Amino acid sequence: MAATDLERFSNEEKRNLSLGGHVGFDSLPDQLVSKSVTQGFSFNILCVGETGIGKSTLMNTLFNTTFETEEASHYESAVRLRPRTYDLQESNVHLKLTIVDAVGFGDQINKDESYRPIVEYIDTQFENYLQEELKIRRSLFNYHDTRIHVCLYFITPTGHSLKSLDLVTMKKLDSKVNIIPIIAKADTISKSELHKFKIKIMSELVSNGVQIYQFPTDDEAVAEINSVMNAHLPFAVVGSTEEVKVGNKLVRARQYPWGVVQVENESHCDFVKLREMLIRVNMEDLREQTHTRHYELYRRCKLEEMGFKDTDPDSQPFSLQETYETKRKEFLGELQRKEEEMRQMFVNKVKETEAELKEKERELHEKFEHLKRIHQEERRKVEEKRRELEEEMNAFNRRKVAVETLQSQSLQATSQQPLKKDKDKKNFFSLPSAYSITTGRYVN
Ligand code: GTP
Ligand code: MG
């Protein structure tokens, strides 16, 4: 459709028309209800509070059943999240309820990182949903939605103030989940102390900028009750799975030597208020807020992180297609830049290696020339020595000839003398017959 057609279409006036008879689209809300009932609902509660604060007891009391529980030890090295899912049915409505326990919360000596596993768990559920949403073949219709709809934050009934762990954890969670703070084991604190404690907690939450869930007041049907209940926050609750006979009725209560604390008695605690607000009045709003506020924020940040945006730098609408094209161009540009960088690196490396090899060749050549010079010098010396020896040999030979001549002359002259004298003379004139070059001596 061309842009002008679009403009005309959106500017077209809507006219009110009256119907001539019953058409039937007034059954649409009923159709919706019927469809939702068939589909069933899911609701996910996260319980954050110190070990043994009464989380499991409160869940059992809230849903009037006994969920499987196991006591946590006080020796967990870190906080770990333990989800458990149950199928519940009331009338013809099916509810897939997931209760997630933050096991080991508050038990570590260093509590600086206690909030992290909780935040990560919440984000992981958002991420799973986002991945399903982004699939080409998505099945959100029968997707088991595990996103946390409410976080019940159990405050220890000290009567003093919130602990820094409570403030830090709630602050880290408030943009990710609907937080309902509750004062646990409210039967252990007196009425006047509880009143002051509630005021203190609310003022600390406000001064630290912690956003807790506010029951909605925009729907007329529930506006009044919700605004009254908002003023009662944080709810002070008592949990019990024990039934005690009060009058002629069996009620859930905690029995003490001095009396009975009835869980569902509004003058004893706020349990009924919590159940009303959490389950009977605002369960759908909690689910809706999770989707439209917390998940939307996660989705927006995640998509922006991935480079998607709705408008271009001039605040003009920017389609997904354009974002994709821009991203693709950016990616290809980056790829080319990397390729060029690598090519340049390779060329430099080759040049470096070439220079190194040349340097090595030059060194070898120098070494060779040096050895050649030494060799020539040695050769010259040997030659000289040989010449000297030859001269010596010549001199010797000359001497030998002279001696032999002399010998023969004297032999002739003394040929008539006795033999004894001959022997002496021979000794006197005896000469070596050869000269050894290796030893440098004359040998006989
Ligand atoms: P972990 O799962 O082990 O962290 O404990 P938890 O927080 O689930 O506490 P759990 O419900 O197991 O309760 C621990 C103890 O506190 C039990 O002995 C309960 O009976 C007791 N308890 C639970 N709720 C209340 C309450 O409202 N008041 C009092 N006085 N005691 C409670
Ligand atoms: Mg428990």
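Residues of the range 104-117 being buried (at least 20 other Cβ atoms within 10 Å of the Cβ) and within 16 Å of ligand 2 (Cβ to nearest atom), which ones? Hits for the range 104-117 are GLY104, PHE105, GLY106.
Report, ordered by the first and then the second residue, all pairs with beta carbons closer than 7 Å, sequence separation of six or more or different chains, a first member in the range 121-143 that is hydroxyl-bearing (Ser, Thr, Tyr), and a second member that is in a loop (DSSP other than H, G, I, E, B). Taking only residues 6 or more apart or on different chains, the pairs are TYR129/ASP145; TYR129/ARG147. Across the range 34-87, the qualifying residues are those that are within 21 Å of ILE122 (Cβ to Cβ), among the small types (Gly, Ala, Ser) and in contact (Cβ under 8 Å) with a residue 60 or more places away in the chain, and the one among them that is farthest from ligand 2 (Cβ to nearest atom) is SER42. Of all residues in the range 310-364, those that are small (Gly, Ala, Ser) and either part of a helix (DSSP H, G or I) or more than 30 Å from ARG299 (Cβ to Cβ) (or both) total 2.
Counting only residues that are of a type in the set (A, V, I, L, M, F, W, C), in a loop (DSSP other than H, G, I, E, B) and crowded, with 20+ Cβ neighbours inside 10 Å, the range 235-285 holds 4 of them. Identify, please: which residue in the range 292-337 is without any contact (Cβ under 8 Å) to a residue 24 or more places away in the chain and in contact with a Lys or Arg (Cβ under 9 Å, 6 or more places away or on another chain) and is, among those, nearest to ASP174 (Cα to Cα)? Checked the range 292-337; the qualifying residue nearest to ASP174 (Cα to Cα) is LEU303.
If you check LYS196, LYS185 for being within 38 Å of the chain's Cα centre (by Cα) and of a type in the set (D, E, K, R), only one passes: LYS185. Given the condition in contact (Cβ under 8 Å) with a residue 60 or more places away in the chain, closer than 24 Å to GLU284 by Cα and more than 14 Å from ligand 1 (Cβ to nearest atom), answer yes or no: does some residue in the range 198-213 qualify? The answer is yes, given that some residue of the range 198-213 is in contact (Cβ under 8 Å) with a residue 60 or more places away in the chain, closer than 24 Å to GLU284 by Cα and more than 14 Å from ligand 1 (Cβ to nearest atom). Only residues that are within 28 Å of VAL237 (Cα to Cα), modelled with pLDDT under 95 and of a type in the set (Lys, Arg) were counted in the range 104-152, giving 2. Could you check, for the range 181-197, whether at least one of its residues is in contact with a Phe, Trp or Tyr (Cβ under 8 Å, 6 or more places away or on another chain), without any contact (Cβ under 8 Å) to a residue 40 or more places away in the chain and buried (at least 22 other Cβ atoms within 10 Å of the Cβ)? No, there is no match, as no residue in the range 181-197 is in contact with a Phe, Trp or Tyr (Cβ under 8 Å, 6 or more places away or on another chain), without any contact (Cβ under 8 Å) to a residue 40 or more places away in the chain and buried (at least 22 other Cβ atoms within 10 Å of the Cβ).
Here is the figure for the range 22-65: residues that are over 22 Å from LEU165 (Cα atoms) and more than 12 Å from ligand 1 (Cβ to nearest atom) total 26.
Residues in the range 39-70 that are surrounded by fewer than 18 Cβ atoms within 10 Å (Cβ to Cβ) and within 23 Å of TYR115 (Cβ to Cβ): GLY52 only. Within the range 165-178, restricting attention to residues that are surrounded by fewer than 22 Cβ atoms within 10 Å (Cβ to Cβ) and of a type outside the set (D, E, K, R), the residue that is nearest to ligand 1 (Cβ to nearest atom) is LEU165.
The values are calculated or read from the model by the stated rules, or taken from the named source; none is laboratory data. This structure is a prediction, so every number in the text was calculated from the model and none was measured. FYI the Cβ positions are ideal-geometry reconstructions off the backbone, even for glycines, and counts take in every protein chain you see.
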